[in-house]
Structure formats: structure tokens, C-alpha cells
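Heads up, the thing below is written out as C-alpha cells.
The values are calculated or read from the model by the stated rules, or taken from the named source; none is laboratory data. Note that the structure is predicted; figures quoted are calculated from it, not measured. With ideal geometry, Cβ positions are generated from the backbone for all residues, glycine too; neighbour counts draw on all protein chains shown. We work out accessible area using only protein heavy atoms, side chains counted, and drop any ligands, DNA or RNA first. Shrake-Rupley method; radii C 1.70, N 1.55, O 1.52, S 1.80 Å.
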Amino acid sequence: MTILRTLALGAAALVLAACTIGPDYAQPQTSSVAAWKEAPAQPGSWPEPGWWRRFGSPALDAYIVAAQRNNYDIGAAAARVLQADAQLRIAGASLLPIVDATGDVARQRSASRGSSSSGNRNSTSYAAGLAASYEVDFWGRNRSSVTAAKALSTATRFDRDTVALSVTANVAITYFQTIEFYDRLAIARENLANAERVLAVVEARARNGAASPLEVAQQRTVVAQQRASIPPIEQQLSQAESALAVLLGQPPAALAVEPDTLDNLAIPAVAPGLPSELLTRRPDIQNAEAQLVAANADINTARAAFFPSIVLTGQGGFSSLALSSLFDSAGFFYTLAASLTQPIFEGGRLSGQVDLTEARFEELTHVYRQAVVSAFGDVETALVAARQLATQQTLQETAVEQARLAYQLADTRYRAGAVDLLTVLDAQRTLFQASDQLAQIKSARLRNQVDLFRALGGGWDMATAEKQAPAQ
């Protein structure tokens, strides 16, 4: 009957273990909008995985693949996922009984007072058994700990995806900056060549008495200035290549980007979709919510600490004085016990822990809402920049065309003696500045498109992430 009563107590406790005393998690309400200010909403038009391929650069594709495989920030984030999974397994062990095997051999020697050594008695005893203990999760404390660990494990996956998205975007942006410097270097060298050709004309005119030494000095100054403008661009190019190498997990000396031009890159169009979809399209938002789920479970754990804990223990096995008869039925023994512990006085520690977890949940609620608002702001900012940069590029292309025409006319008329050198110098300076500015605008437009992809989640989606979620 004792066994039956103990088992009944354990069964009843297990039935009641589904009880929890903390709040159920509910997603915080956030301010949402029906449409973007800068673009119409188009459902299903979000960036696809591999969005960077739409820029049409095989070199960029190869760099991103290398970064996703070798980048150390991504590797560290992946290691944090393994740590969180291990913590989940540790927390999950509290829901299962602990079973230990025991074995004991004892040898005893006794002698009667005054007896000879032949009267000594030796005896050996043997014992083997199993010991088990189980804490009944009556108030859901252990299950809440597991829920928190699982949410944190999920959060680390979202964090890893956020890091991967950021690294991928940074590789694309850095590569575009590198190509921008190649273009600006080509423009500076072309402008230097033009200045040297003009200098040759001025020197020839000066030898024929048609130009003054002042004009020669002025044009030599322009040539020197153009030569001086090249080293800073070369320095920026080298720095951009070094930054790209770091993103790829390589030493800077191991990477040399092949020269290219921004004109060979496509500017892909992407519609932003519905604003509400952003909540499941950005891993950083999902990370913030997973942190909230964990904090909510911590409240349950803290509140459950006020209530009694029940631990069931049992031990059974065999004991004998002879090893050959150790497992005979006559040597069988068992013990069953149940213990209850109720906190009485903790000096405010338990109530303080509850207040701490509730305040932590309140903090993370604000963090989540800020992440949502920031996400909306990121997309709007990128959309505004995309529209303005497209307009700016069109206008700047017109300016470059007119500046080139003005320079060609001024050069031709100067050779014919119809205008002075100052007119040529002004046209030359205007063309160089306009061409250099156009290269920067093209690069800014490409980089902004990457920012838009990143703001929209960069092809990441919740469905893919759920396949990688940790097991219950």
C-alpha cells in the first residue's frame, strides 16, 4: 500500500505540473502604417535570397560567398547558437528524472577479546542498485526555464542571421566603394592627360610668342594639382580593398580587387511590399521578440519560486554477503520518499527577483517597439534616398555632357586663338569636378540600394528561420 500511495502522489503531481502561475506571452502592440510614404505597397515583392546577384557582378557574388563561409563575425554568431542550444539541453534536463547506478563492496574484520588470530572473523558485503530523484514541476518553474532557454536559443539564430545579413550588405557596399575609387582614379588620370595635352599646346604657343610665361605657369599649376589629386584616391582604394579583405576573413595582402567600372553594374529595382510584413521579414525584429518571450518565461520562473517544491526520490537494488547470490530475491530492497520545501523567509530576495524580471520584460518591450519603429524608418530613409539619387544621377549626367562639350569647344577655340587660357582652365576644372561627382553619385545609388535590401530583410524570411528552430 505504501508503494501505491507514493505512486498516486507522484501521478497527481504530474497531472498538476501543467499549472503555471505567470503571465502568458502576448506580442506587444506597435504602431503600424498601411503604406510607405515613398512607394506603393506591392505584396510579394520583397527581396529574394541571393538578392546581391541582381547587381550583375560575378566578382561580388564570389566575394559574398567567401564572406559567408569565412567571416569571423558570422563564425562567432554561429558559435553562440551552439552555446544557446547547449543551455537549452541543460535546462531541459530539469524536466526529466535523475537516475544513478550505485555499487558497493565492503570488507569487515572483527576479533573477540583475548582470542587468537585464528578467532578473527572476516566478512564481505556486496550491494548494487539504482537511485532516482525527480522534482515535480508543480508550478511550471522548470518548464518556464526551458521556455526561456528555447527562446534565447531562437534569439541567437536570429542574431546570427542579422549578423550574416549585415556582413553580406557590408561586403556589397565595400565592393561598390572599391569600384567607385577605380572610376574616380580613371577620371583623375584622364583629366591629368588632358591637362598635359593643354600644357603642350600652351608651351608650343609660348615658343611662338602667342602665349605668355604666365599662361605656361598657370597650366603647369593645373597639371601639378591633377597629379596631386591621384595619390589620395589611390590611398582610399587601398583602404577599401583592405576593408573588403577583413570582411572576407583574409589578410589585406591576400586580396586584390580586379579593376572594373560602375557602369558595368546594374541597379536592381525592388518594391517594398506591405509595411506590416516587415515584422516577420527582419531577423533583428524577430530577435527582439524572442528576447521578450524569454523574459516573460523568466517572470513565471521567479513567481514559481514563492511556492513549495516537491521532490520524489527512490532507491532499489540488491544486497548480499556473497557475490554469487547478490541478485537473489531475498536480497532485494527499495525505498521511496517524497519531500516538500516551502520558502518561509528570504529577506525580500524572491520578491526582488520578480520585480527584476518584470522590469526586464518592460525594458525589452520598449526595445522591441523601438526595433519596429527603426525598421520602418530604415525603409523610408532608403526609399527617399533611392528616389532622390536617381533624379540626381540624371541631372548630373546632363551636367557632365555639357561640361565635356564646353571643354571641347574651349580647347578648340583656344588652339585657334579665339579664347584665352582661363576659359580652358575653367572648362577643364568643371568637367573634372562634374565627372568625379557623377562617379560618387553612381556609387551612392548602388550602396543605397544595398541599404534598402538590408532594411527590407535582404531575402530573409520567417519560414526559412522556423526550419532551423531548436527542438522542443
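Below is a table of values for the structure above.
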read-out: Protection-proxy order for peptides 256-268, 177-189, each taking the mean of Cβ atoms within 10 Å per residue, highest first; value: 177-189, 256-268
read-out: Cα-based helix-to-principal-axis angle, 2-16 vs the chain, degrees rounded to 10; value: 20 degrees
read-out: Translational diffusion coefficient (Stokes-Einstein; Kirkwood radius from C-alpha pairs) of the stretch 134-193 at 10 °C, 1.306 mPa s, in µm²/s; value: 99 µm²/s
read-out: In Hz, Karplus ³J(HN,Hα) per residue of the stretch 403-414 (6.51, -1.76, 1.60; θ = phi - 60°; x = Gly, Pro); value: 5, 5, 4, 5, 5, 4, 5, 5, 5, 4, 6, 5
read-out: Amide H contacts of F332 (H built 1.01 Å from N, under 5 Å, at least 5 apart or other chain); value: S319
read-out: Directionally averaged projected area (convex hull, Cα atoms, the stretch 171-220), nm²; value: 3.5 nm²
read-out: Rg/Rg_globular for the stretch 130-230, with Rg_globular taken as 2.2 N^0.38 Å and Rg from C-alpha atoms; value: 2.74
read-out: In sequence order, calculated HN-Hα J values of the stretch 89-101 (Karplus, 6.51, -1.76, 1.60; Hz; x Gly/Pro); value: 5, 5, 5, x, 5, 5, 8, 10, x, 9, 10, 10, 8
read-out: For the chain, radius of gyration divided by Kirkwood radius, i.e. Rg to Rh on alpha-carbons; value: 1.29
read-out: The stretch 241-283 shape via C-alpha gyration tensor axes, a/c threshold 1.5; value: oblate
read-out: Contour minus Cα-Cα distance for S339 and L356 (0.36 nm per residue); value: 3.2 nm
read-out: Only Lys, Arg (+1) and Asp, Glu (-1) charged, at Cβ; the stretch 173-291 dipole about Cα centre in debye; value: 540 debye
read-out: Selection from V33, F318, A106, by position along the positive dipole direction of the chain (Cβ); value: A106
read-out: Gain upon complete extension [R369, A228; 0.36 nm per residue less C-alpha separation]; value: 45.7 nm
read-out: Amide proton proximity set for V419, modelled H, under 5 Å, gap of 5+; value: Y414
read-out: For the stretch 34-104: rounded, prolate or oblate by the Cα gyration tensor [a/c cutoff 1.5]; value: oblate
read-out: Rounded tilt (10° steps) of 283-304 against the dominant C-alpha axis of the chain; value: 20 degrees
read-out: Most to least accessible of D161, D73, D24, D298 (protein chains only, probe 1.4 Å); value: D24, D73, D298, D161
read-out: The chain: calculated mean residue ellipticity at 222 nm from DSSP helix runs of at least 4, using -39500 (n - 2.57); value: -21500 deg cm²/dmol
read-out: Farthest positive-ward along the stretch 201-321 dipole, Cα basis, beta-carbon charges - from N296, Q236, I285; value: Q236
read-out: Cα gyration tensor shape for the stretch 253-403, rounded if a/c is under 1.5, else prolate or oblate; value: prolate
read-out: Qualifying trypsin sites (Lys or Arg not before Pro) in the stretch 212-293, DSSP loop, other Cβ atoms within 10 Å at most 10; value: none
read-out: Charge context of V216, other residues only, Cβ under 12 angstrom, K/R +1, D/E -1; value: +1
read-out: Positive-end extreme of charge dipole, the stretch 159-290 - chosen from N264, S166, V201 (charges on Cβ); value: V201
read-out: Probe 1.4 Å - accessible area at E196, Å² to nearest ten; value: 70 Å²
read-out: Cα-centred dipole magnitude for the chain, charges only on beta-carbon of K, R (+1) and D, E (-1), debye, nearest 20; value: 1000 debye
read-out: Protection proxy ranking, peptides 431-440, 91-100, average beta carbon neighbours within 10 Å, highest first; value: 431-440, 91-100
read-out: Probe 1.4 Å, all protein chains present, accessible-area order of F307, F345, largest first; value: F345, F307
read-out: Phi-based couplings in Hz for the stretch 243-253 (Karplus 6.51, -1.76, 1.60; Gly and Pro marked x); value: 5, 5, 4, 4, 4, 7, x, 10, x, x, 5
